[in-house]
Amino acid sequence: MSATSPTAGAGLPAAHSISLTLNGQPRRLEVQPWTTLLDLLREQLQLTGSKKGCDHGQCGACTVLVNGKRINACLSLAVMQDGAEITTVEGLAEDGRLHPLQQAFIERDAFQCGYCTSGQLCSAVGLANEGRAHSRDEIRELMSGNLCRCGAYTNILAAIEDALPACREGGRS
Amino acid sequence: MTPFAYARARQVDEALALRAGHPEARFIAGGTNLLDLMKENVARPGMLIDITGLPLHDVETTADGGLRIGALVSNADLAYHPEVERRYPLLAQAILAGASPQLRNMASTGGNLLQRTRCYYFYDAGVPCNKREPGSGCPARDGLNRIHAILGASDQCIAVHPSDMCVALAALEATVEVAGPAGRRVIDFADFHRLPGDQPQRDNTLEDDELIVAITLPARGFARHHAYLKVRDRASYAFALVSVAAALEREADGRIAEARLALGGVAHKPWRDPRAEDLLRGQPCNAESFGRAADALLQGAQGFAHNDFKIELARRAIVRALEQAASQEGTP
Ligand SMILES: Cc1cc2nc3c(=O)[nH]c(=O)nc-3n(C[C@H](O)[C@H](O)[C@H](O)COP(=O)(O)OP(=O)(O)OC[C@H]3O[C@@H](n4cnc5c(N)ncnc54)[C@H](O)[C@@H]3O)c2cc1C
Ligand code: FES
Ligand code: FES
């Protein structure tokens, strides 16, 4: 148990220290209880690939992988991720090689403004890990947590369909 | 968000003790509803007690053939649990009809029961709302009420409970096991959520200092004849305007032996009425018997202008769901 330690500074509740594995790197961080995982990534760690579209779980732009599972980083407290393994869009490429989904998004022209793209990519990696999407309709349904304001859905769907077999073989998260 | 303190509990007793010592505190599980409400200043706890480390993550078969689901099992893990897919596919369907894959990975079984209404006025801390601030008024009655209740509403509140999972749990007659300072108790699902009456601030019969520890499903799962039908503004990732959980058991001659019907999106709680189910028992499966049950379930339905359409929509959805349930043969 880690109850609140003595109040620090300006009468605010105490910060907590947490350990994460972030894109393969072990990190030890001080976080305020009210800092979301998304704000930790973007504001404290300058990992601005994950986007803040709505900040209410309604768009999916903030999707990241926690222990291989996709979640909305905007509705998760950083302090509650102590011990977790987190992968953001910055961590998808390996040894300078794009993840098969990233490659497929380029080949299929699966974005316009790109604002939703990092969330789409992390969500699609989560989708591949889950192994529940076997048809176009299933991909559509299981990607419905990611909105694209530019309406690039057709090409996003095609890119994911292309890349799923490679994701299965590679078993990469 | 307003600053708050944070503490992590490892055991149920520890969580209850923390709660007892901190009246300003709230439990947090997946966080998908509570943090949303905190960002909108609708909820302003002074402290969050993180319960995700409690040992309530298991799904186990009970002595009498039912299934006991720990309060912290995620909505995704529950929907895809082999026993749920095989024996309670109605529950799996209802869960998968809700939210998004990301949210279902985060959301917990206990938290799903306790999610609050999506009424626009409840969510807007700048306007009156009897549920948020008792006695302040209900702008929804004469305002924008397209998503609001047609059954069981009161002068003070016409909000609906937004959960899909709970509609299936109501039809399956689950029970809710809770722990509090005075020990454990079990609440029938029908008695868990409540109608608004003159206390719309209370969504359910759980006490503030109690913790949900598990949900138990009885052995009867209606795996053969069931349907969860959800009608909404877009095909996915939207709350229900109307949803129906229908479950049947049929005799060898096709007549209905047992029936369960529950509605979502229409009331302050999942809506059931034993009279509607009685009307189905012993009847053949056809449009007449289904229509009679629908009329009985919707008896007393009342719209508030923008949501008048829900009454006819619900009637048709009930008939359609019963047709789907009746024609279904086993689980995929
Ligand atoms: C964009 C969006 C779309 C959604 N769409 C749908 C939908 O279509 N259908 C649907 O059904 N739901 C939908 N949801 C709601 C979602 O299902 C709920 O937010 C979720 O189930 C809540 O669970 P949680 O664990 O995250 O709860 P939390 O946010 O952690 O907690 C919710 C409440 O429950 C309390 N609590 C949690 N666990 C316990 C416990 N064990 N004992 C006592 N108190 C507890 C907390 O104190 C809090 O008051 C949607 C949510 C979002 C953000
Ligand atoms: S920013 Fe998290 S879902 Fe929109
Ligand atoms: S590419 Fe612009 S929002 Fe999706």
Calculated from DSSP helices alone, with each H run of at least 4 adding -39500 (n - 2.57) and the total divided by the residues of the protein assembly as shown, [θ]222 nm to the nearest 500 comes to -8000 deg cm²/dmol
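What part of the accessible area of region B:1-51, given as a whole %, is carbon or sulfur when the probe is 1.4 angstrom?
That fraction is 45 percent.
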Distance in Å, no decimals, from the C-alpha centre of region B:98-172 to the one of region B:1-40 is 21 Å
Reduced to Cα centres, the span from region B:257-325 to region B:179-232 in Å works out to 20 Å
With +1 on the Cβ of every Lys and Arg and -1 on the Cβ of every Asp and Glu, the dipole magnitude of region B:115-212 about its Cα centre, in debye rounded to the nearest 20, is 300 debye
Taking placed amide H atoms and a strict 5 Å upper bound, the residues 5 or more places from B:Asn204 or on another chain that come that close are B:Arg194
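Please work out the ratio of the alpha-carbon Rg of region B:1-51 to 2.2 N^0.38 Å and round it to two decimals. Walk me through the numbers on the way to the answer.
Working: Rg = 10.6 Å, N = 51, 2.2 N^0.38 = 9.8 Å.
My calculation over the Cα atoms of region B:1-51 gives 1.08.
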In order over region A:102-118: 3J(HN,Hα) from phi, Karplus 6.51/-1.76/1.60, θ = phi - 60°, whole Hz, x for each Gly or Pro, gives 4, 4, 5, 4, 5, 4, 8, 6, 8, 7, 10, 6, x, 5, 8, 5, 5
Taking B:318-327, B:16-25, B:30-39 and ranking on average Cβ neighbours within 10 Å, highest first, one gets B:30-39, B:318-327, B:16-25
Dividing the surface of the Cα convex hull of region B:1-104 by four yields a projected area in nm² of 7.8 nm²
Mean projected area, convex hull of alpha-carbon positions in the protein assembly as shown, reported to one decimal in nm², is 24.4 nm²
For the protein assembly as shown, dividing by residue count, accessible area per residue (probe 1.4 Å) in Å² works out to 41 Å²
Of the accessible area of region B:259-332, computed with a 1.4 Å probe and all protein chains kept, carbon and sulfur make up a percent value of 50 percent
Answer in debye to the nearest 20: the dipole magnitude of chain A about its Cα centre, from +1 Lys/Arg and -1 Asp/Glu charges placed on Cβ, is 160 debye
Surpassing 19 Å at the alpha-carbon level, of the pairs B:Lys39/B:Lys230; B:Lys230/B:Lys269; A:Lys51/B:Lys39; A:Lys52/B:Lys230, are B:Lys39/B:Lys230; A:Lys52/B:Lys230
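Using the alpha carbon gyration tensor of region B:173-332, what are the three equivalent-ellipsoid semi-axes (square root of 5 times each eigenvalue), largest first, in whole Å? Before the final figure, lay out the partial values.
Values: eigenvalues 160, 93, 42 Å².
Each semi-axis is √(5λ); the values are 28, 22, 15 Å.
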Applied in sequence order to region A:128-137, the curve 6.51 cos²θ - 1.76 cosθ + 1.60 (Karplus, θ = phi - 60°) yields integer Hz couplings, x standing for Gly and Pro, of 5, 4, 5, x, 9, 9, 10, 9, 4, 4
Computed about the Cα centre, the charge dipole of region A:100-168 from +1 Lys/Arg and -1 Asp/Glu charges at the Cβ has a magnitude in debye, to the nearest 20, of 100 debye
Using alpha-carbon coordinates alone, the radius of gyration and Dmax of chain B in Å work out to 19.6, 64
Taking every C-alpha to C-alpha distance in region A:100-168 and binning by 10 Å from 0, the per-bin percentages run 23, 63, 14
Here the convex hull volume per residue of chain A, taken over Cα atoms and given in Å³, is 122 Å³
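The values are calculated or read from the model by the stated rules, or taken from the named source; none is laboratory data. No experiment lies behind these values; they were computed from the predicted model shown. Note that each Cβ is placed from the backbone with ideal geometry, even for glycine, and that neighbours are counted across all protein chains shown. Each accessible area value is taken on the protein alone, full model and side chains, heavy atoms only, with ligands, DNA and RNA left out. Shrake-Rupley method; radii C 1.70, N 1.55, O 1.52, S 1.80 Å.
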